[in-house]
Amino acid sequence: MSTQCPYCDLCTDRSTLHAHLAEEHGDRLAFSWHERSGYAIATVTCPICGASWDQPLRKARRDPRFLDEFAYEIRLVLFDLLLHHIRGEHEKGR
Ligand SMILES: [Zn+2]
Ligand SMILES: [Zn+2]
């Protein structure tokens, strides 16, 4: 069973697509800083329905370099949420 990439025409198995999203579409994630706590927050938005999920990055506290060092892992976590959502909400009847 294959899944289509929500951002391009690629259609492949889930684990390949997961890596593809992290490598090619990392710029689709939004990063922001939570002023009060000092945590970084990564946000992924579903391009199909606009639902979004925030992932607080507690380890990023007061360390902007964290985002560079762990960017790939952060992407994997967030795109996992997105893939799970797409499979559950947007692939019914396929
Ligand atoms: Zn893609
Ligand atoms: Zn959606």
Tell me whether region 30-37 contains one or more residues that are acidic (Asp, Glu) and either modelled with pLDDT of 95 or more or within 25 Å of Cys5 (Cα to Cα) (or both). no
Take Thr3 and tell me if it is over 23 Å from Arg65 (Cβ atoms) and more than 16 Å from ligand 2 (Cβ to nearest atom). no
Quick check, is Ser2 loosely packed, with under 15 Cβ neighbours inside 10 Å, more than 16 Å from ligand 1 (Cβ to nearest atom), modelled with pLDDT under 95 and small (Gly, Ala, Ser)? no
Condition check: at pLDDT 95 or above, more than 9 Å from the chain's Cα centre (by Cα) and of a type outside the set (Ser, Thr, Tyr). Does Ala71 satisfy that? no
Tally time: how many residues in region 1-60 are of a type in the set (A, V, I, L, M, F, W, C) and assigned to a helix (DSSP H, G or I)? 5
Residue match in region 77-89 (condition: more than 16 Å from ligand 2 (Cβ to nearest atom), surrounded by 15 or more Cβ atoms within 10 Å (Cβ to Cβ) and modelled with pLDDT of 90 or more): yes
Considering only region 6-44, how many residues are over 13 Å from Leu76 (Cβ atoms), surrounded by 15 or more Cβ atoms within 10 Å (Cβ to Cβ) and within 15 Å of ligand 2 (Cβ to nearest atom)? 2
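The values are calculated or read from the model by the stated rules, or taken from the named source; none is laboratory data. Computed from a predicted model, the values in this text were never measured in an experiment. Note that we place each Cβ from the backbone using ideal geometry, even for glycine, and neighbour counts take in every protein chain shown.
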